[in-house]
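Colleague: One structure, as C-alpha cells, below. Some questions next.
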Amino acid sequence: MHKNTSRVFVLTISILILFILGASYLHITNGVFDMSVIDVVKTLLRIEPNPKFDLVIFEFRLPRIVIAALVGIGLGMAGVVLQGITRNGLADPGILGINAGAGAAVVIFMFFFQLNIVTADLNSWLSILMMPMFGFVGGAMAAALIFSFALKNGHLDMQRLILTGIAINSGFGALTLFLSLKMNAQDYESAAVWMAGSIYNANWIFVAAMLPWLIILGFYVYRKSYLLDYFQLEEDSITSLGIAVEKEKIKLLLASVGLVSACVSVSGSIGFIGLMAPHIAKQLVGIQHRYVMPASALIGACLLVIADFIGKTVFAPSELAVGIVVSIIGIPYFLYLLVKSKA
Amino acid sequence: MKKTNIVSFAILAATPFLITVVALISVMYGTKDISALTVWQAIIAFDPSNVDHQIIRTGRIPRIAAVLLVGAFLAVAGAVMQGITRNYLASPSLMGVNDGSAFVITLAIVFFPGLPNYQMILLSMLGSALGAGIVFGFGSLIRNGLSPVRLAIIGTVIGTFLSSIATAIAMYFQVSQTVSVWYNTKVHTVDIDMLLLAIPFGLVGLVLALLSARAITITSLGEDIALGLGQKTKAVKIISMLAVVCLTGTAVALVGKIAFVGLVIPHITRFLVGVDYRFIIPCAAAIGAFFLALCDVLSRYVNYPMETPIGVLTAIVGVPFFLYLIRKHGGEKRA
C-alpha cells in the first residue's frame, strides 16, 4: 500500500512537470511576436545567438514564466498549510485576507520609498529585495487580526474566519486605494498595474527577491508537513502525542504568511490558487501531507503558467491580469467545494 | 411602542435639519469656497454668465442631491433585505446585487453602446435582479445556504465572479476605460439627466418598500408567525425584492458601487427605533442620506486637495462595524 502511494506520487509529479514544461513551451513561443521551437531552443542553448530573440526570451517571456511558476508554488504550499491548520478546505490566502494585508503593506512601502516597480532597474534592487519583508509584516498583521476575530471559545470558527477575511479584504483594499491615490501619477500607475494581480512587468530582480523566501520557507513547511496530518486528528489526541500544537500551528502559519507575502510582493493579489491546488493534489496523491505539499506546489505552478498564458493570448492585444483569469476559473470551483462541504 | 414613536419622530424631525447643514457645507465648500449668499442667488436668480453660479448649479447641487438619494436608497434596500431574509448580514453590496448591476451595465456598454440613460437605469435594475437571483438561488440550492454567514460568503464570491467576468469582457472588447467610469463611484461627475431620471425610479422603490413595511415586520418575526397571521409570504417577498432591485439598480446607475451603507445603516436604525419596519424604513432613509452626505463632505478633505473615493470613507465605518456584527452574532439567524 505504502509503496503504491509513493509510486503514484512519483508518477503524478512527473506528469505535472511535463505539464509545466508544456505550458511554458506554449507561453514562450506564443505572443505578439511568434517564435518557432527551433528559435527558442537555439536561443536557450546559445547556438547562433540572435539579439532580437535574446531580448524577447530572456527579458520578457522567461522571467514571466519563472515568476508565474514560483508564485504558483508559493501559493500552492501556503494553501496546503492554511487548509491543514484551519482543518477547512475553503481556506485560501486570498479569501482570508492575507493577500490584502501584504498588499497594503507593499503599497505603503511603494508610497514611502517612491518605488516604481514598472521601471525597476538595478538601482532599486535593494528596495525590491525589501518588498517581501514589508509584505510579511502586513500579511502577519492581517493573519493576527483574522485569527483573533475568528477565535470562539478557543476554537477557530471557519465561517467567521472567511467572513472576517471578507471584512479585512475590503478594509485593506480601501486603505490601499486611499494610499495609491496619494501617490504621484507614475507611482500610481505602477501600483495599479501591480494591484491587479499581474505579472507582465516581470524581471529577474523579482525572481531574486522571492526565491530565498520560497526556498527557505518552502523547505521548512515541507519538513513540517507531517504535522499537518496530525492536525486532522482531534485536539486531545495530538496533545497526547507530545506535540506543542499551538506553537507548531503558529510557526506554520507564519511560514505560510511569509510564502504568501513573497508572492504578493511581486505579483499582487492572486486568489484561489491556494484553494484549488491542495484539493486537486489530494485527489491525485492521497491525503498524506508530505505528498500533498509538493504536488500542490507543482499544480499551483502549472495553473498559474496556464492562466497567465490565457490572459496573455485570449485577450491580445490587451492583456488580462492573471489574477482575474484565476478568479474566473477558481470561483466556480470554490462554489463546488462549498456545495460539497458539510454545513 | 410609544417610545419607538417618539424616537422615530425625533429622528425624522432632526434629520432634515442635519441634512440641510451637511448639504449647505457640501455646496459651499470645495476646491473653490463659495459664500452662502452666492449659493442662494444661484438657486433663486441663476445667472449663466457667473462662474460660481455655474459651479453650484451644474456641479455641487447635483452632487449633493445624488449623494442624498443614493444614501437613502441603499439604506432602505439594506433594511428591506435584512427584514425579509431575517439575515443580519444582508445588504446590497454583500449579496451580489451591486456587482450584478455593474455586470449588466458592462455588457450593455460592450454590445449596445450609446443607450439612452433611462434604458441604462432599467438595465442596471435588471442586473441587480440577476445578481440577487443568482445569489439567493444558489443559496437555496445548498444545505444551510440561506444562513447569514453562508449567504454572505456566497454573495461575496459570486459578486467577485461577476465583476471578474465583466472585467474580462471589457478587456476583450477594449472598453475598460468607459466601463471604469461606470464601475467606480463617480459622485463628483454626476450626470444631471441621469439624476432626474433616477428620482422617479427610486421613488417607486421607496413607495414599494413603505407599502410592504407592515408585512416585512411580520416576516421578520419568523415564517411561522407570518403564515399564522395569514400573510401571503411569497407576494411580500416578491414585492419587497422588487423594491430592493429598483433602489439599488438606480443607485448603481447613478454613482456606481458603494459598499457598507446598506449594511450598517439598517442596524443603527433598528437600534434607535426598534423592530417596526413602518418606522425603520423612513428613518433608515433619513439616516442613510445624512450618513452618505457626511462621508461625501469628508471625502473632499481627507486628502485635500485631492478627492478620496467615497467608498473609502464608508469602508472606514463599515469594516469595523462588520467585524463587530460577526463577533456578536456569528452564524445565528436574526434580523
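The values are calculated or read from the model by the stated rules, or taken from the named source; none is laboratory data. Model, not experiment: these values are computed from the prediction. Backbone-built Cβ (ideal geometry, glycine too); neighbour counts: all protein chains shown. Quick note on the areas: whole protein, heavy atoms, side chains included, nothing else; ligands and nucleic acids left out. Shrake-Rupley method; radii C 1.70, N 1.55, O 1.52, S 1.80 Å.
Colleague: Only one residue in B:Gly262, B:Gly256 is at pLDDT 90 or above, in contact with a helix residue (DSSP H, G or I) (Cβ under 9 Å, 6 or more places away or on another chain) and open to solvent by less than 20 Å² (accessible area, probe 1.4 Å), so which one is that?
Modeller: Result of the check over B:Gly262, B:Gly256: B:Gly262.
Colleague: Moving on to the next point. Please return the ranges of helices (runs of 4 or more DSSP H) entirely within the range B:49-168 where 2 or more residues are closer than 18 Å to B:Val255 by Cβ.
Modeller: Filter on the range B:49-168 gives B:61-85, B:97-111, B:117-141.
Colleague: Now, a different point. Open to solvent by less than 30 Å² (accessible area, probe 1.4 Å), more than 30 Å from B:Ile6 (Cβ to Cβ), more than 14 Å from chain A (Cβ to nearest Cβ) and in contact (Cβ under 8 Å) with a residue 12 or more places away in the chain: which single residue out of B:Cys246, B:Cys283 fits that description?
Modeller: Exactly one of B:Cys246, B:Cys283 is open to solvent by less than 30 Å² (accessible area, probe 1.4 Å), more than 30 Å from B:Ile6 (Cβ to Cβ), more than 14 Å from chain A (Cβ to nearest Cβ) and in contact (Cβ under 8 Å) with a residue 12 or more places away in the chain, namely B:Cys246.
Colleague: What helices (runs of 4 or more DSSP H) lie completely within the range B:182-277 and have 2 or more residues being hydroxyl-bearing (Ser, Thr, Tyr)?
Modeller: B:213-221, B:233-255
Colleague: Here's a follow-up. Within the range A:152-162, does at least one residue satisfy the condition of being assigned to a loop (DSSP other than H, G, I, E, B), closer than 30 Å to B:Arg300 by Cβ, modelled with pLDDT under 85 and within 13 Å of chain B (Cβ to nearest Cβ)?
Modeller: no
Colleague: Just checking, does the range A:182-204 include any residue being assigned to a loop (DSSP other than H, G, I, E, B), open to solvent by 30 Å² or more (accessible area, probe 1.4 Å), within 13 Å of another protein chain (Cβ to nearest Cβ) and hydrophobic (A, V, I, L, M, F, W, C)?
Modeller: Yes - at least one qualifying residue is present in the range A:182-204.
Colleague: Give the residue, chosen from B:Asn98, B:Asn117, that is of a type in the set (S, T, N, Q) and open to solvent by 10 Å² or more (accessible area, probe 1.4 Å).
Modeller: After applying the criteria, what remains is B:Asn117.
Colleague: Just for the range A:307-319: of the residues that are more than 14 Å from the chain's Cα centre (by Cα) and outside any loop (DSSP other than H, G, I, E, B), which one is surrounded by the fewest Cβ atoms within 10 Å (Cβ to Cβ)?
Modeller: Checking each candidate, the answer is A:Thr313.
Colleague: Sticking with this structure for a sec: Mind counting the residues in the range A:320-343 that are touching a residue at least 24 places away in the same chain (Cβ under 8 Å), within 8 Å of chain B (Cβ to nearest Cβ) and open to solvent by 10 Å² or more (accessible area, probe 1.4 Å)?
Modeller: Number satisfying all stated conditions: 2.
Colleague: Restricting attention to the range A:86-111, report how many residues are open to solvent by 10 Å² or more (accessible area, probe 1.4 Å) and over 14 Å from A:Met133 (Cα atoms).
Modeller: 9
Colleague: Now a separate question. Whether any residue in the range B:299-307 is in a helix (DSSP H, G or I) and away from every other protein chain (no Cβ under 14 Å) is what I want to check.
Modeller: Scanning the range B:299-307 turns up no residue that is in a helix (DSSP H, G or I) and away from every other protein chain (no Cβ under 14 Å).
Colleague: Also, I was wondering about something else. Applying the selection to the range B:1-52, what residues are surrounded by 13 or more Cβ atoms within 10 Å (Cβ to Cβ), of a type in the set (Gly, Ala, Ser) and in contact (Cβ under 8 Å) with a residue 12 or more places away in the chain?
Modeller: B:Ser8, B:Ala23, B:Ser26, B:Gly30, B:Ala42
Colleague: Got at least one residue in the range B:308-318 being in contact (Cβ under 8 Å) with a residue 60 or more places away in the chain, facing chain A (nearest Cβ under 9 Å) and touching an Asp or Glu at 6+ places or on another chain (Cβ under 8 Å)?
Modeller: For the range B:308-318, residues in contact (Cβ under 8 Å) with a residue 60 or more places away in the chain, facing chain A (nearest Cβ under 9 Å) and touching an Asp or Glu at 6+ places or on another chain (Cβ under 8 Å): absent.
Colleague: Name every residue in the range B:144-158 that is open to solvent by 30 Å² or more (accessible area, probe 1.4 Å) and more than 7 Å from chain A (Cβ to nearest Cβ), in order of residue number.
Modeller: If the condition is that a residue be open to solvent by 30 Å² or more (accessible area, probe 1.4 Å) and more than 7 Å from chain A (Cβ to nearest Cβ), then B:Leu146 is the only one that fits.
Colleague: Here is a further query. Residues A:Phe136, A:Phe172: which one is away from every other protein chain (no Cβ under 14 Å) and at pLDDT 90 or above?
Modeller: None of the other options fit; the residue is A:Phe136.
Colleague: Conditions: (1) away from chain A (no Cβ under 11 Å); (2) at pLDDT below 90; (3) open to solvent by 20 Å² or more (accessible area, probe 1.4 Å); (4) within 20 Å of B:Pro92 (Cα to Cα). B:Ile268 meets all but one. Number of the miss?
Modeller: (2)
Every residue, every condition in (1) open to solvent by 20 Å² or more (accessible area, probe 1.4 Å); (2) within 14 Å of chain A (Cβ to nearest Cβ); (3) touching a Cys at 6+ places or on another chain (Cβ under 9 Å), yes or no:
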site	(1), (2), (3)
B:Thr160	yes, yes, no
B:Ala170	no, yes, no
B:Val175	yes, yes, no
B:Leu195	no, no, no
B:Ser212	no, no, no
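Colleague: Which condition number does A:Lys182 fail, the rest of (1) at pLDDT below 85; (2) under 21 Å from the mean Cα position of the chain (by Cα) being met?
Modeller: (2)
Colleague: If you scan the range A:32-55, which residues turn out to be assigned to a helix (DSSP H, G or I) and surrounded by fewer than 20 Cβ atoms within 10 Å (Cβ to Cβ)?
Modeller: Those that are assigned to a helix (DSSP H, G or I) and surrounded by fewer than 20 Cβ atoms within 10 Å (Cβ to Cβ): A:Val37, A:Ile38, A:Asp39, A:Val40, A:Val41, A:Lys42, A:Leu44, A:Pro51, A:Lys52, A:Phe53, A:Asp54, A:Leu55.
Colleague: Next question. Tally the residues that are among the hydrophobic types (A, V, I, L, M, F, W, C) and over 12 Å from B:Lys32 (Cα atoms), restricting the search to the range B:46-61.
Modeller: Of the residues in that region, 2 qualify.
Colleague: Which residues, taken from the range A:226-238, are part of a helix (DSSP H, G or I) and closer than 20 Å to A:Gln288 by Cα?
Modeller: Correct list: A:Tyr226, A:Leu227, A:Leu228, A:Asp229, A:Tyr230, A:Phe231, A:Glu235, A:Ser237, A:Ile238.
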